[in-house]
Structure formats: structure tokens, C-alpha cells
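The values are calculated or read from the model by the stated rules, or taken from the named source; none is laboratory data. Not measured: the values here are computed from a predicted model. Positions of Cβ are backbone-derived with ideal geometry, glycine not excepted, and every protein chain shown enters the neighbour counts. Side chains are part of the model used for accessible areas, which takes the heavy atoms of the whole protein and leaves out ligands, DNA and RNA. Shrake-Rupley method; radii C 1.70, N 1.55, O 1.52, S 1.80 Å.
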Amino acid sequence: MQRNLPVHRFFLACLVFLFTSALLAQSSRQSIKLTPEQNPVPPVFFGLHIHRAFGTTPWPPVPFGSWRLWDAKVHWPQVEVRKNEWQWDILDREVELAERHHVDLLLPFGETPEWAAQRSGLFRPIVGDVANLEDWRTFIRTQAIRYKGRILYYEIWNEPNLPRNRDIGTPERMLTLAREAYTILKQVDPNIQVISPSPVNANGLDWLERYLELGGGKYADIIGYHFYVRHRPETMLDLILPAMEIMRKHGVGDKPLWNTESGWIRNPLTDSIDLVEQAPGWAARAYILNWAAGVQRFYWYAWDDDGHDSIPFTEEDQATATNSARAYGEVQKWMIGSRVRACERQESGNWVCSLMGESGRNAWILWNEAHSSHFDVPKTWEVQSLTKLSGEQSAWSGSKIEINELPVMLEGPAIRH
């Protein structure tokens, strides 16, 4: 992700913030209902980025099911340092770690070595186009053969619509690279799953539309997107739902949609997030809403980031879990194995997500997206317990509950047969 907001865009960002805030205030009064497919939530839905697991970062103490190797020192320039000169030590180490901890790997592409690019390092940070497609083919084939059966997910390009990718990131050029990579990966191992190039931001919707219009869906098993937003997690729906509509329009609505990178990158609009009273709720709600909207994987950026996160998952030692990381772990307990029946936003800004757990117990996740609010609990729920995002659980009975930005889960009795 491009992390820094340029200084000259600060005031424009503030104006956008004020305008968007007005729109959000209006949208928060609107009701919406999300009804995902009734499949149990799998552990792999909860993904992470870990930058330095091969070296200084201890393995995270919170669970996760999938790992995306972006900013993990294994991009093309770091693997093939010169033409046909390979350095596999870091990627070997990361593959071994993933196997030891039983998480699957997603390996994205997104950088061109200077020796293989049409432009030299004088033009960095612009990513140069691949000068000779045979170099691209060799890289893809060599890597796929080395890790056959060990890495099963490959993503064609990281955020091609960003300015840094302007020399290579057009939908037309990405289609060529994707076609070559898809063909080779499937030849090496038909079990490999290919993720399309993953655009980012609102203008990524236009990029995705053009890419699929050109036929890019033929060279992807999965459609990727980075659903970064600069506001509360509910605004992710403003990207997710249009992306799914674009997929349906171009005949790939039956393919999975993955959020292959998202979180909250530090910027003037999110630096004021309260790390105790807000951030854990934002992390949890992002995962709940992504699943409810139809996203089948979500790779959080990042576990051991270096100070760029507005919602950090680690303390300054980049090892100790924050409240937000613990909330990430707790919401997994609520969701994995459960079926999310529906998530509904009421005009008050209250959200109600209905679940059926593995044991057959009914559960409801409640929050308000902007402030404290009272919620009338239906008697028919027969609520027996309340679990906070901190993991604290207690018996509960009553007719009203106060909710806020930190979700809580109410559970009823198991369904009687």
C-alpha cells in the first residue's frame, strides 16, 4: 500500500473529509441488509501480513489462517537479483514457517527488477515495465516449480492503479502479464489459484471495470481488491458492493472476491482514532462486514508494521499484541465455524448481525457505528450470555442494552430439535 499522504494534498484531504463526513452522516440514517452465502466462516478468512517473520518478528500470539507475503522481502527484485541469479533464503524460511504453523501462503507480484525493466533506477519509485516478456515467464516458472505444492495462491500485481505503477499498471498491460503468468502457473500445477491484479481506492473500481471488460476474468480464479478506506469500517461497503456488481456485470460474479490487503494506514483523517475505545471495534467490524458483504478472505495490513498504522496490531516492540490485535483474535472465536445469516443496519446506526454457531446456538453481534445507543433486545432471542470484545463473558438477561463502537455478542440457547 502507498502509505504516505503527500503534504501538498493535506488540505484537499481535509476538504474531502468534511464532504464525506456529511455524506456519512446522511448514510448512517439509512437502513441496509447484507445476506451472505450460508457457509461456515473458515479460519483462512482471517489473513495477515507479517513483514519480518523470517528474522526479527516472533510468530504472532493471535491466530490467523492465511498469510500474504507483501513487504516481506520476497518480491521479484529480491529473489532474482540479477538475470538468472536467484536468492531463495528468505522465501524458503517463510514457506517453512507457514507450513510449521499451518497457514497458507499468498504470494503477490508487484515490482520489477531494474535489470528487467524498461526504466532504470533514476526513475524510482516508478515501477518499470517488463522489457522482455521472456524474463517474466522465466521468473514465474522458476518460482512456481520450486514451490510446487507449497505455495498455492499467486496474485498477479499489487495495486496496479497507483501512480507508482503507471509504466506497467494499465489494464491492457496487466492483461498481458496475467495471461502469461496464469498459463505458466496452471501448467506447473493445476491446483494453483490465481488472484487478479488488486486495485485500491475508489478509482480502482474504474480500473477493475476496464480490466474485466478486456477479459481479465479469464486469467483469474479469484478477484482481488484492496478495500482501504479513510473512515469507519462501514464505508468499506461503498467499495465492496460496487466491486461485486462490476464482477456480476462482466460474468465473474461466481468467482470469490478477496480483500487481499486492508487496514487503516496513518493519515490526517485517521490519526485521531482512539486506540482503546475505537480501534478494536473498527478491526472487528471490518472483518464482520467484509464477510457479510460477500468477501471470502481479508488480509490485514499489517502485524509488524513500522509505525504507519492508525490501528496497530503490535506495540513498539512489534511483538506484543495490542487491544486491536486481541479483538482480531476474539472476533475469530465469534465467527469461525458460524454461519452469518444477515447483518442489518438500522436507521439509528445500530447494527445487528445474526449468526448460528457450530453448536446450533443462535447469536447476535451488536454495535453502533458512531456513538452510544440503546438497543431493545427482543424477548424471542432468549439471551443467556453476553461476550465483550475483550473476551469478558457474563450471564445476561434483560430487555435493553447500551451499545457503542465496540461490538458485543449476545447468545441464546441451542436450537431445539
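Worth pointing out:
- Calculated FRET value between Ser394 and His371, using beta carbons and R₀ = 25 Å, to 0.05: 0.60
- Folded to 0 to 90 degrees: helix 10-27 orientation relative to the chain principal axis, Cα: 40
- Averaging the sequence gap over all C-alpha pairs within less than 8 Å and six or more residues apart, then dividing by the number of residues, gives segment 199-318 a relative contact order of 27 percent.
- Dividing the helix sum by the residues of the chain, where each DSSP H run of 4 or more adds -39500 (n - 2.57), gives a mean residue ellipticity at 222 nm of -9000 deg cm²/dmol.
- Using a cutoff of 8 angstrom between alpha carbon atoms and counting only pairs six or more residues apart, the relative contact order for the chain works out to 17 percent.
- Expressed as a whole percent, the accessible surface of the chain that belongs to carbon and sulfur atoms is 51, based on a 1.4 Å probe.
- Heavy atoms of the protein chains alone define the surface here; on that basis the chain has 43 Å² accessible area per residue at 1.4 Å probe size.
- Percent antiparallel among DSSP beta bridges (both partners in the chain, rounded to 5): 60
- Gained length - Trp59 relative to Glu114, 0.36 nm times residue gap less alpha-carbon distance: 16.5 nm
- Nearest 10 degrees, 0 to 90: helix 279-293 Cα axis against the chain principal axis: 80
- Stretch gain in nm, segment Thr183-Glu277, where the contour uses 0.36 nm per residue and the Cα spacing is subtracted: 29.0 nm
- Rounded tilt (10° steps) of 204-213 against the dominant C-alpha axis of the chain: 60
- Peptides 344-351, 397-404 ordered by average Cβ neighbours within 10 Å, highest first: 344-351, 397-404
- Highest-MSF residue in the chain out of Gly337, Gly55, Gly47 [GNM, Cα springs under 10 Å]: Gly55
- FRET E, pair Lys148, Glu344, Förster distance 45 Å, beta-carbon r, rounded to 0.05: 0.50
- Net charge of neighbours whose Cβ lies under 15 Å from the Cβ of Asp89, counting Lys and Arg as +1 and Asp and Glu as -1: -1
- The overall shape of segment 109-229, judged from the alpha-carbon gyration tensor, is oblate: a/c is not under 1.5, and a/b is no greater than b/c.
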